[in-house]
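J.: Input: one structure, supplied below.
Just so it is clear, none of the values below were taken in a lab; they were calculated from the coordinates. In this text the structure is predicted, and so the values were computed from the model without any measurement. FYI the Cβ positions are ideal-geometry reconstructions off the backbone, even for glycines, and counts take in every protein chain you see.
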Amino acid sequence: MSKSLKVNTTIAEDYTIKYLVGVDGGGSGTRVIVTDKKLQILASAQGDPSALGQGIEKAWRSIVDTLARAFHYGNIPVPMLSECAIGLGLSGANNVVWKNEFYMRNPGFKNIIVDTDGFTTLLGAHGGRPGVVVAVGTGSVGMVLNKEMQRKDVSGWGFPAGDEASGAWLGLRAASITQKTIDGRRASSTLSELVLKFCGKEPEQFLNWLGNAGQNSFAQLAPLVFQAAPTDVDAKNLLIKAGIEIELMAKTLDPEGSLPLSICGRLGEALIPYLPEATKKRTIPAHGDSTIGALLLIAEGK
């Protein structure tokens with residue numbers, strides 16, 4: 001934890017607050033960290049998805065369950081929620097209706113600040129200082145905090161029309177390639193064989209899988225694209241295309257390339273080798289992750 005991170009006066013002087021909580025909630029899972037008021041990390045845990053697009057009630061249930069798990073792992077007696085201040089970076093928080101409903105359903109946390117998981121990723125990556133991130137997981141978003149401390153974001157429009165380079169974006173395209181293979185519009189390949197093995201080898205099985213597939217389901221096909229890439233030109237080209245989409249986000253946010261750039265998320269990091277060379281060279285490791293950014297959100301009132 002950065003020594004420069006300090007708790008704001010409102011929380012520091014509220015003696016009823018014992019713990020600060022940082023939450024990163026996305027379409028693939030929820031991560032939680034718990035600190036004391038000196039920002040010493042006491043516990044952490046992972047849980048079920050808490051993206052707002054999957055339902056506000058479900059999001060809160062996942063968050064509270066994951067927080068309880070964190071206190072258990074840290075051998076800390078579970079406190080009352082009113083003894084906690086919580087910062088949350090949540091997928092879907094750019095939807096004002098969802099965000100407002102989420103606030104309204106606060107189950108009892110004393111202090112709460114909600115923002116997008118893209119913004120908390122940005123805060124964590126550069127310690128709250130100016131910089132650019134492109135965060136890639138089940139979904140994707142690019143965000144900048146410029147030298148005037150103004151923020152802007154690109155992508156993040158959601159599945160299926162947006163979230164370029166994301167796991168769901170890759171999986172959707174892998175499924176399309178496989179459909180052509182089944183039809184005989186392209187030859188069988190490593191990628192199509194892997195997808196059919198995962199989804200069902202018979203056309204009826206694959207069609208049934210497609211009929212029930214959502215964002216998370218398609219994102220589960222993304223690892224197969226990486227697995228096939230060494231021997232499958234279409235799979236490799238998908239990854240190269242994803243790298244180009246990441247570069248486009250970064251350039252749109254910072255045309256002069258003057259700010260530090262971090263590519264975040266497990267999938268984002270896996271795509272760094274497929275970035276265009278100039279963009280690859282200017283990337284730097286993130287200082288911290290989205291849970292640290294969420295903690296900064298509540299600790300400093302960002």
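J.: Going toward the positive end of the dipole of the range 130-285, with +1 on Lys and Arg Cβ and -1 on Asp and Glu Cβ, which of LEU191, GLN205, THR138 do you reach last?
T.: Checking the options against the dipole of the range 130-285, the answer is LEU191.
J.: Rounded, prolate or oblate: which one fits the range 200-302, using the alpha carbon gyration tensor with axes a ≥ b ≥ c (rounded when a/c is under 1.5, else prolate when a/b beats b/c, else oblate)?
T.: Taking the square roots of the gyration eigenvalues as a ≥ b ≥ c, the range 200-302 is oblate.
J.: Test of understanding: ordering THR9, THR190 by Cβ neighbours within 10 Å, fewest first, what list do you get?
T.: THR9, THR190
J.: By DSSP, what percent of the beta bridges with both residues in the range 130-285 are antiparallel, rounded to the nearest 5?
T.: Bridges in the range 130-285 that DSSP calls antiparallel: roughly 70 percent.
J.: Measuring from label point to label point, each 7 Å out along Cα→Cβ, what is the VAL96 to ASP183 span in nm?
T.: Roughly 4.2 nm, to one decimal.
J.: Now for a separate question. Calculate how many DSSP beta bridges within the chain are antiparallel, expressed in % of all such bridges and rounded to the nearest 5.
T.: 55
J.: Still on this structure: Could you work out [θ]222 nm for the chain from helices alone, using -39500 (n - 2.57) per DSSP H run of at least four and dividing by all its residues? Round to the nearest 500 deg cm²/dmol.
T.: Estimated from H runs of four or more residues: -13000 deg cm²/dmol.
J.: A further question follows. Roughly speaking, what is the stretch gain from LEU210 to ASN8, that is 0.36 nm per residue apart minus the C-alpha to C-alpha distance, in nm to one decimal?
T.: That pair, LEU210 and ASN8, stretches by 67.9 nm at full extension.
J.: Another question about this same structure. Expressed in nm to one decimal, what extension gain is obtained for the pair LEU42 and GLU277 from 0.36 nm per residue of sequence separation less their Cα-Cα distance?
T.: 80.6 nm
J.: Go ahead and run the numbers for FRET between ILE244 and TYR73, Cβ-Cβ distance against an R0 of 51 Å, rounding to 0.05.
T.: According to the calculation, E is roughly 0.80.
J.: By its C-alpha gyration tensor, with a ≥ b ≥ c as the square roots of the eigenvalues, how is the range 182-222 shaped: rounded for a/c under 1.5, else prolate for a/b larger than b/c, else oblate?
T.: Verdict is oblate for the range 182-222.
J.: By DSSP, what percent of the beta bridges with both residues in the range 1-131 are antiparallel, rounded to the nearest 5?
T.: Bridges in the range 1-131 are about 50 percent antiparallel.
J.: Continuing with this model, one more query. Take LEU207, LEU248 and order them by how many other Cβ atoms sit within 10 Å, fewest up front.
T.: Lowest to highest Cβ neighbour count: LEU207, LEU248.
J.: Moving on. Consider the candidate values (i) 20.0; (ii) 21.6; (iii) 21.1; state which one is Kirkwood radius over Cα pairs in Å computed from the structure displayed.
T.: It is the one labelled (i).
J.: Output the pairs from LYS37/LYS281; LYS99/LYS152; LYS99/LYS147; LYS236/LYS281; LYS110/LYS147 with a Cα-Cα distance over 30 Å in this structure; if there are none, say none.
T.: LYS37/LYS281; LYS110/LYS147
J.: Using a simple charge model, +1 on the beta-carbon of Lys and Arg, -1 on the beta-carbon of Asp and Glu, nothing else, what dipole does the range 130-285 show about its Cα centre, in debye to the nearest 20?
T.: 160
J.: Using Cβ contacts closer than 10 Å as the measure, can you line up VAL23, VAL134 from fewest to most?
T.: VAL23, VAL134
J.: Okay, next question. Where the only charges are on Cβ atoms (+1 Lys, Arg; -1 Asp, Glu), what is the dipole of the chain about its Cα centre, to the nearest 20 debye?
T.: 380
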